[in-house]
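What follows is a single structure, written as structure tokens, with notes after it.
The numbers here are math on the coordinates, done by the rules we state, and not lab data. Every value quoted in this text rests on a predicted model; they were computed, and no experiment measured them. Because the Cβ atoms are built from the backbone with ideal geometry, glycine has one as well, and the counts that use them run over all protein chains shown.
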Amino acid sequence: MAITKDDVQKAQQLAREDLKKATSSQLRKFMTDVTRLRVKSEMMNDNEWKEKIYPEFLMLEPRLEYQINRDKTLEPLLIQCKPRMEKVKDRLSFIDFALFVEAVIAYHKENNFQDRLTSSFQGSKPTNQPQHFNKNNNNYNKGVNRW
């Protein structure tokens, strides 16, 4: 089993629509655990992986549920990841799962960047002067070091 174009599209939809209110730091916690296990497993064969990494992998779901109990915005991630986690039986299927999670995080980060970029320019007038030279800046006449 390998990650498919359909998986990538589902990751994109999940990140852009369902996880829109989730913060990057919440998702990074989960991604950090997945990445740590992926890095450890890359140098192992399937037997070593089953013995050393699989028990840690099984703990990903309870950790994610714990996060969800604290903040419900991650619930769509669990809904999408749980069936994928149940399919993980060996090192290669785990790597596919990790790639899916990585895609979700990448699309979420891209979406958050686009949202911040759009909202930061709404209602503001571009100026050619740096902020410390802008006479509308409250600190302009307060003797603030401008250099």
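Computed quantities for the displayed model
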quantity: Inter-label distance, nm, simple model (7 Å from Cα along the C-beta direction), K89/E48; calculated: 2.3 nm
quantity: Cross-link pairs beyond the 31 Å C-alpha cut-off, checked among K20/K82; K20/K50; K20/K52; K21/K50; calculated: K20/K50; K20/K52; K21/K50
quantity: Tail beyond 19 Å, pair distance distribution of the range 40-102 (Cα, percent); calculated: 32 percent
quantity: 22 Å tail of the calculated P(r), the range 1-107, as % of Cα pairs; calculated: 26 percent
